[in-house]
């Protein structure tokens, strides 16, 4: 047994650190660290900075402008990116659609869609969930009816993240009602800058606008925009999931939050003593840090399995379940360190110099993490998956 | 709203206290308090002391030598009995079979069986569970085949508490295999002092001998020993359960254990400071005490409902679930207060003056409580019951 | 032994329910946040129905036969997610006004719905530990000069007056030496905002504000025990609000999972979700028991240990019930368009308000001398 | 990056499995408790297979290429519920013997299976906090006179020698001033008994026992760090044992609920039980990760924080997995006739041994300066 990631990966880790230290704008990192909103332009600027260095398409093949990295490099990159408080990227474009197109797309699709992702001119959203198809994607109802060289698409997508920034959407659509439910679902690219596509905000807990409803009414989509063949969506989705394996563990972001928590615990609290002097809060912080480093090593186990070609099995679901829970605990503890100020609604603050920005977004971040055990395969579904494999029913 | 139990009940509570203080042998109370074994003879002596005062048949009508008390009096009696560390009585005789016979028995059955219970000459055990019928009693298989004036009974009962002390058993037996499973079950009284009845000990965690296997091979039982009619067992069992409503909350015993825990927390620990000075252990102790007084008041709510003729509903299952859990937590915390000594196996001690008797049985008690969430309607079944009523599926 | 509302209390509870069903919902709640006059008008209507008087004894000009009356109102408010300053003004400050000069008039104004007061005390905490604070009082003639800033004063945004705790003697952290002054909000500077749960608050700054001896509420240097008692009372009422909220969330969530289908079956068919509901019920009903006991205790000899036990139970249960209500509602549970998410936030706030679970466990242990050597 | 056993370690692990499958079961385990000669014979056979040597480096006469070797043995022992003093004698004391005079001979004897040693230290705790103790040493010529009593010395019942910690300087509770002495059990008085988990122990009394300077193990007054390091090593190995036990309980329980029918269906069909199994798996696998990391760390720079993190994780997970294994086995789970209940007890013991969860969380926080002002 051996914990080291090897000299090559260590060297890369140092390179990442140096790069983030030099090129990530301090004010952007500070905003992200405080949980304050980051504009689309700021996101794009940062993505372009990364792309100039060649580090945007971290799960793309080199021939398409990606890094050609394996899972280890990507994992370390994510850890360091989080540690530096670099904002999250447009994940649907970069980590989801990009690899899908490279794997399943036509040459034309690749040439048309990949470059604008890398130069951040295109912003994609992922249209999967629907009002009647949350956890159960097979139940989805957005129809795509063939009409000559086009599909006519109608239906509603729900919980679509950052659709308000997006000019394009990749969506699961029903191209057939025959056969098993899953077989009739296809993977379609939809231009959002056209009549018939309506994006309405869905505000979530704490007043955040991160998700949307996307209505599509009789929108004509060229058949060329079909990825793979009709009915291939299930295969593509499974491919996507295998890409999200380690991301759902939230290791990097949680390590960063833990650093924040450690820092806050050292500050004096309402009674003048360090906040972390409270033995109960201290024990809880120690527990979540232990949980986090434990999960980090569990992720490394999965990584080691992947690198040596072993199928990691139900541990992947373990990462998702524990990763979400740890995020929830961490943000809960962060709120606890903030006293009354942590419960202020930041969007209602006009100018209150007494409320430190560091406190102002703690509650919102805590509330935002509430969704983590719900979306992208709920905590219950992950446990079903684990149980199926270990109990075998 | 009003918390008082009324002057009459308060007076009775004082009477109980005075009586236990005067008549409960100190060494017996000390044994019970330490969790040390108590012999059958000691049990009988104590029951006879109670019976002389007229306080044994606490759920019996006066005409049969009982106290004629209502649920409030019984509850207070149980609280005070536990507070005084009086040993538990032969519950199957006194609190289960007694009321059943008074409600469902024939005049002959009452005359024959009730007096020897009160004078503690008879010791009954309850033959319900079977190897293939644990939680699911309807699956039970002990057969009772009619043969003239007798039933010929064959089968095996499992987990039969204190059968090693018992000379009689009331058992659920299958008198018919027709119709719905539950309808073929009858309630039968079986004399254990006869050939064909074999009691084998089942040792449970920590080496305790409290439960047994009872094999019954072709034993002839007079038809007169049937309680109620054939197939009545289900009705009788339900009657029994309503009697156990408040007992399953373990309020009195838990209050007594909490007193013990409080006492132990004041003692110096391995580092010379009071054991309870540890903030984590202290918080856990405070939590379980809060849980306990909360459950006690929840039991009083059920009691108040009963007294005013309202159906308490699923709260009864709440008492059982939380009552078991609290017992488990309390004994776990007690072990934590005992350091290394609490983990010694008391049955292997010959004479080790260094190991205080107070520590010697803590682990055994903790292990013994493990069963509480399993037997008598497991924690899972209680939750099914609650869910059925509040979700309504 | 009786754990049910009296006929009169049940009527009060029903009146709260009926009124709110007609006049208050999520949209109105949101609208009132930006519309102070409309909020005031609604408040006067509530006052006319006697809900504020329900928090004061007849001797004080109110209608309360017992503390349970206000508890019943709070339960109704919790059920319907009312975001108005009943808890912070009527309950928390109403009791303290008894010690103010001219208390009868003040209370009468409050009962009429024409006076909001906020408590500016306890430093940067969510209203526990009055031995801490940020306002200093310097003796000046027969009065005092107040200076200091509190960044979060709940209910101060629309308050007419503040009960402001100031350090008149001793050192920060000492119970002795805290004095309460009643000051007009016109005499302080405020920056108004809302808490994450939609309730109003303000940052309050006083600078060299001169107050007379008649502004003093209670005895000089002796406010800490008064504030603690007021907080204890408010804590129990907050428990009532949470009990109301849990009493709403459980049947609402049960109904949701009965109707919502996934994988071809109602969610309610999944045993795991059934048990979550059972656990929520266990949490809610036991918390209710302890909250009722603490509420009954308010009419008798003060039992702060019972209050802490109740607050701990309610905080823990409320968090659990709210968590599961959101989880079982799935995406709908986190949406601002549904009341579930707002209940989640409010119950999170109540868990922290007046001291969180760890605070009350420690206080319970302190008060009952748990783990202290004999 | 590699979290798998080497080929050699896998072979060792297999040999443990195969041997125990043939030579050890619940009945034999019980029998050996009252049959010391038979236990010794079995022990010698194990020694011949190299399992004791697997805990010592080649320089010491053993065969270990890494600490992982002994971890693999412990995992096998945990799986098969071995109640022999590998942990308390070989692991805990084996490392300390390195500091004894004549250590080569002692270790050689131990590797041959002919020497059991027990650690008499840490007062009345379950072997944490060596700054506490009950034996005093008084200087007498070039040696010391030992007096004191320890009521629980794990593994002392069948030990040939004791490593006895005594206070040679400083006050009770100080790390400086603890010295280890190697004494023959013939020179102390013992009352033997068993712990609740079936492992042997004894109460040990020394009265005016004179020991020479050559009995001293390690430096005068400096044993606390040595004992702590030995306990850290043993803690990681206990984690290995628990990981083995959990690795047994989960598939065994899964098989049980697949086969056991209640209400006309296999228990495995109940979703609540499926999720319990999933949670047990989550607990077990994450604990395994942290335990492996701590074990790998034993070969490098000591990282006591990783040890405490591992012990906390393993303790919490082990309790949870054992609880559910019993619960899902129903009545069978609490019966002494089945191994489930014995695993439950042993895992409860491991949770407490070398410091419980709260102890290790605090130690982790101390070591990593969590919550300490900068």
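Readers should treat all values here as calculations from the given coordinates under stated rules, not as data from a laboratory. Just so it is clear, the structure is predicted and the values come from calculations on it, not from any experiment. Positions of Cβ are generated from backbone atoms using ideal geometry, with glycine treated the same way; all protein chains shown enter the neighbour counts.
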Problem set entry | Cα long-axis angle, helix B:107-118 against chain B (0 to 90 degrees, to the nearest 10) | 20 degrees
Seminar exercise, completed: The helix C:67-80 Cα axis meets the longest alpha-carbon principal axis of chain C at an angle in degrees, between 0 and 90 and rounded to 10, of 50 degrees
For this session: For the range A:276-333, just say rounded, prolate or oblate: build the C-alpha gyration tensor, square-root its eigenvalues into a ≥ b ≥ c, call rounded for a/c under 1.5, and beyond that prolate if a/b exceeds b/c, oblate if not.
Result: prolate
For this session: List the distances, in nm and shortest first, from the label point of residue A:116 to the matching label points in every other copy, placing each point 7 Å from Cα along the Cα-to-Cβ direction.
Result: 9.4
Exercise. When only C-alpha pairs under 8 Å and at least 6 residues apart count, what is the relative contact order of chain B, in percent?
Worked result: 14 percent
Problem set entry | Shielding by other protein chains, A:127-140, mean Cβ within 10 Å | 2
For this session: State the dimensionless ratio Rg/Rh of chain B (Rg: radius of gyration of Cα atoms; Rh: Kirkwood radius).
Result: 0.97
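Assuming 0.36 nm per residue, please report the length gained on full extension of the stretch residue B:308 to residue B:42 beyond their Cα-Cα distance.
That works out to 91.9 nm of additional length.
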Problem set entry | R0 of 30 Å, Cβ-Cβ distance residue B:23-residue B:167: FRET efficiency to nearest 0.05 | 0.70
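Going by average Cβ neighbours within 10 Å, how do the peptides C:203-209, A:296-302, C:1-7 rank, with the highest at the top?
A:296-302, C:203-209, C:1-7
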Seminar exercise, completed: Hull surface over four for the Cα convex hull of chain C, reported in nm², is 20.0 nm²
Seminar exercise, completed: Listed with the fewest Cβ neighbours within 10 Å leading, A:162, B:55 appear as B:55, A:162
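So how many Å³ per residue does the convex hull of the Cα atoms of the range A:7-89 work out to?
Here the figure is 85 Å³ per residue.
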Exercise. Which chain C residue puts its Cβ closest to the axis that rotates C onto D, and at what distance in whole Å?
Worked result: C:271, 2
For this session: Using only Cα atoms, tell me the angle between helix A:379-390 and the longest principal axis of chain A; keep it within 0 to 90° and round to the nearest 10.
Result: 80 degrees
Exercise. Across peptide B:301-314, what mean number of C-beta atoms from other chains lies inside 10 Å of a residue's C-beta?
Worked result: 2
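Can you give the relative contact order of the range A:7-89 as a percent, counting alpha carbon pairs under 8 Å and 6+ residues apart? Mind showing how you got there, number by number?
Numbers: 70 pairs, mean separation 31.7, N = 83.
38 percent.
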Exercise. Measuring from label point to label point, each 7 Å out along Cα→Cβ, what is the residue D:27 to residue B:241 span in nm?
Worked result: 4.0 nm
For this session: Before rounding to the nearest 500, sum -39500 (n - 2.57) across all DSSP H runs of length at least 4 in chain C and divide by the residue total; then give [θ] at 222 nm in deg cm²/dmol.
Result: -16500 deg cm²/dmol
For this session: May I ask for the Kirkwood hydrodynamic radius of the protein assembly as shown, worked out over all distinct Cα pairs and given in angstroms to one decimal?
Result: 35.7 Å
Seminar exercise, completed: With a ≥ b ≥ c from the Cα gyration tensor eigenvalues, square-rooted, and the rule rounded for a/c under 1.5, otherwise prolate when a/b > b/c and oblate otherwise, the range B:128-172 is oblate
For this session: Would you mind checking the range A:140-166 for residues with the amide N under 17 Å from a putative spin-label position 7 Å along Cα→C-beta of residue A:193?
Result: A:163-166
Exercise. What percent of all Cα-Cα pairs in the range B:29-161 falls in each 10 Å bin, counting up from 0?
Worked result: 11, 33, 33, 20, 3, 0
For this session: Any chance you could tell me what percent of the C-alpha pair distances in the range B:124-230 go past 19 Å?
Result: 39 percent
For this session: Determine the percent antiparallel among the DSSP beta bridges restricted to the range D:117-221, to the nearest 5.
Result: 85 percent
Exercise. What Kirkwood hydrodynamic radius, in Å, does the range C:225-368 give when the mean of 1/r is taken over all pairs of distinct Cα atoms and then inverted?
Worked result: 15.7 Å
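Per residue of chain A, what 222 nm ellipticity follows from adding -39500 (n - 2.57) for every DSSP H run with n ≥ 4, rounded to the nearest 500?
That calculation yields -14000 deg cm²/dmol at 222 nm.
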For this session: Output the antiparallel fraction of DSSP beta bridges having both residues in chain C, as a percent to the nearest 5.
Result: 80 percent
Exercise. What are the label-to-label distances in nm, one decimal and shortest first, from residue D:212 to the same spot in the other copies, with labels 7 Å along Cα to Cβ?
Worked result: 9.5
For this session: Take peptide C:350-362, look around each residue's Cβ out to 10 angstrom, count Cβ atoms belonging to other protein chains, and average those counts.
Result: 4
Exercise. Over the range C:7-111, with a single point scatterer placed on each C-alpha, what log10 of the ratio I(q)/I(0) does the Debye formula yield at q = 0.11, 0.18 1/Å?
Worked result: -0.33, -0.86
Exercise. What's the Cα-based Rg to Rh of the range B:244-391, Rh via Kirkwood?
Worked result: 1.06
Exercise. Where does the Debye-calculated log10 I(q)/I(0) of the range B:166-324 sit at q = 0.12, 0.15 Å⁻¹, using only Cα point scatterers of equal weight, no solvent?
Worked result: -0.83, -1.02
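What is the range C:7-111's relative contact order, in percent, from Cα pairs under 8 angstrom and six or more apart in sequence?
30 percent
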Exercise. Since chains B and A are linked by a rotation, which residue in B has the beta carbon closest to its axis, and how far is it in Å?
Worked result: B:279, 2
For this session: Between copies, how far apart are the residue C:369 label points? List them in nm, one decimal, shortest first, with each point 7 Å from Cα toward Cβ, please?
Result: 4.1
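Kirkwood Rh, the range C:320-374, all Cα pairs: how many Å?
13.1 Å
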